[in-house]
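Notes follow once the structure below has been shown.
The values are calculated or read from the model by the stated rules, or taken from the named source; none is laboratory data. It should be emphasised that the depicted structure is a prediction, and the values quoted were computed from it without experimental measurement. No Cβ is skipped: glycine too gets one built from the backbone with ideal geometry, and neighbour counts run over all protein chains shown. Surface accessibility is based on the protein's heavy atoms, side chains included, excluding ligands, DNA and RNA. Shrake-Rupley method; radii C 1.70, N 1.55, O 1.52, S 1.80 Å.
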Amino acid sequence: MSKTAELNIDGKTYSLPIFTGTEDEVAIDIGKLRDQSGVVTLDPGYKNTGATKSAITYLDGDNGILRYRGYSIEELAEKSTFIEVSYLLIFGELPGKDQLQRFRDDIKTHTLVHEDVKKILDGFPSTAHPMGVLASLFCSQTAFYPESLDPNRASESVYLSIIRSLAKMPTFAAWAYKNALGHPANYPDNSLEYCSRFMKMMFALPAEPYQPDPVISAAIDKLLILHADHEQNCSTSTVRMVGSSQASIYSSISAGINALWGPLHGGANQEVIVMLESIVKDGGNIDKWIAKAKDKNDPFRLMGFGHRVYKNFDPRAKIIKKAADDVLGKLGVKDPILDVARNLEDIALRDPYFIERKLYPNVDFYSGIIYRALGIPVEMFTVMFAIGRLPGWIAQWKEMRENKEPIGRPRQIYTGQKERAYVPITKR
Ligand code: ACO
């Protein structure tokens, strides 16, 4: 028998259906509450609102669990590759050997972007943040592939857009970086795999040989896996929301890139390094910075700490912390910022302010340190996050379309003026 919840408003009782997910998560379905009672629910920031039913990612914030399509993030990070995880997220199952080969080959076929993209790139000053450039170049694909604007197009055409998105993302990302340097853009080298290809486009200089370091490529691959999906976060919800109006996949993902850019979301990894550098420059007095983070009159927050959903630990942060130690060890990098990060984490985790509020290091706390060790410039950190999150955005966009979800349109509670008569300017 299906369960229901009862809600009493002004003495009248309403029966609301209860929906239970595969992991026994329980939700009260309030979809018809307004029709029945005239009442809406209020939940700024959607802190307690399930916006969709999704079969892609399972996250248990209290127990630090993250699974893509049922597979644990720990296992995927250790045994899989970013391309295989992308296939898993988008199509629901791990690929067979032939499926994976075809997927990889299809991506390689589309890594090149239209030459006219360079004209768009040329329009950006070198001061442009690569995230803004990336979002713009991504959205520009609607112009190069206008068939993507058709909301009812055939599934093969949708597949092609998915492949193009995955294939061209590293090219756009590397070109955005080259634009910031004022250097010529490199073309994709399809003899290389995804991460090495990206590294070569980022770092190869004209007339100089470039050999991607396999340690660096493997570390980047792992980081991309860890970022690949995270259910209904700010950027993913944005992708679903924009896509729900039947906007094209390119404009939906471009909106997701913009949402990711902010310092409270994907921009935090850049802010972590800025913060750690400020602490080192300031003499390394960690207690002073912890006190600033706790001071309610000071807007400063410990960047890379706290999470809307994880309240005990972020499983991705655990994996990244270990990977940071491994990679820095293998590359022989000694970074004073890493010592500050370790001390900061140590002190914060013993401080009642952080313990009471369940504030733990999140994925961004250590990812910035690895990116820095790998030679990725700080303004590219959030771009790296976007490359990793792309398959998640695609999977969520595809699921939203296949489920035929209605256009996203939240309600509000109006708190402004009651109706009043217009006053002519001469009488004000
Ligand atoms: N430093 C100091 N205090 C903090 C921090 C922090 N990093 N994060 C939260 N708090 C405090 C708040 O001031 C608040 O205190 P109060 O109860 O005394 O008012 C309490 O902890 C709860 O904070 P909220 O902002 O209500 O928590 P919310 O779930 O809305 O925010 C968020 C989560 C945005 C991640 C927040 O912890 C934060 O700003 N962290 C720093 C930025 C960051 O690292 N973002 C990356 C998130 S992970 C990702 O997007 C990949």
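Of everything in region 237-270, what is surrounded by 24 or more Cβ atoms within 10 Å (Cβ to Cβ), over 17 Å from residue 320 (Cβ atoms) and either acidic (Asp, Glu) or within 11 Å of the ligand (Cβ to nearest atom) (or both)? Give them in sequence order.
Correct list: 260 only.
Restricting to region 341-351, name every residue that is open to solvent by 60 Å² or more (accessible area, probe 1.4 Å) and touching a helix residue (DSSP H, G or I) at 6+ places or on another chain (Cβ under 7 Å).
If the condition is that a residue be open to solvent by 60 Å² or more (accessible area, probe 1.4 Å) and touching a helix residue (DSSP H, G or I) at 6+ places or on another chain (Cβ under 7 Å), then 343 is the only one that fits.
Can we say residue 360 is surrounded by 15 or more Cβ atoms within 10 Å (Cβ to Cβ) and within 22 Å of residue 219 (Cα to Cα)?
no
Output the number of residues of region 214-229 satisfying the condition of being in contact (Cβ under 8 Å) with a residue 24 or more places away in the chain and farther than 18 Å from residue 268 by Cβ.
8
Can you report the number of residues in region 131-180 which are open to solvent by 10 Å² or more (accessible area, probe 1.4 Å), under 27 Å from residue 205 (Cβ atoms) and not hydrophobic (A, V, I, L, M, F, W, C)?
The total comes to 5.
Quick one: residue 338 ticks every box in (1) under 21 Å from residue 392 (Cβ atoms); (2) surrounded by fewer than 21 Cβ atoms within 10 Å (Cβ to Cβ); (3) away from the ligand (no atom under 12 Å from the Cβ) except a single one, so which number is it?
(1)
Checking residue 189 against (1) part of a loop (DSSP other than H, G, I, E, B); (2) at pLDDT below 95; (3) of a type outside the set (A, V, I, L, M): exactly one of these is not met. Which one?
All conditions pass for residue 189, except number (2).
Do you know which residues across region 29-87 are aromatic (Phe, Trp, Tyr) and touching a Lys or Arg at 6+ places or on another chain (Cβ under 7 Å)?
58
Would you kindly identify the helices (runs of 4 or more DSSP H) lying entirely within region 219-335 that contain at least 3 residues that are over 15 Å from the mean Cα position of the chain (by Cα) and farther than 30 Å from residue 407 by Cβ?
By residue number, 268-281, 286-294, 315-331.
How about region 301-335: which of its residues are of a type outside the set (Lys, Arg), open to solvent by 40 Å² or more (accessible area, probe 1.4 Å) and within 12 Å of the ligand (Cβ to nearest atom)?
307, 309
Name every residue in region 52-77 that is more than 15 Å from residue 310 (Cβ to Cβ) and open to solvent by 90 Å² or more (accessible area, probe 1.4 Å), in order of residue number.
Result: 53, single match.
List the number of the failed condition for residue 105; all other conditions in (1) acidic (Asp, Glu); (2) closer than 27 Å to residue 230 by Cβ; (3) in a helix (DSSP H, G or I) hold.
(2)
Filter region 271-285 down to the residues that are of a type in the set (A, V, I, L, M, F, W, C) and open to solvent by 40 Å² or more (accessible area, probe 1.4 Å), then identify the one that is farthest from the ligand (Cβ to nearest atom).
Taking the candidates together, the pick is 280.
Does any residue of region 20-42 turn out to be over 29 Å from residue 411 (Cβ atoms), surrounded by 12 or more Cβ atoms within 10 Å (Cβ to Cβ), hydrophobic (A, V, I, L, M, F, W, C) and under 26 Å from the mean Cα position of the chain (by Cα)?
no
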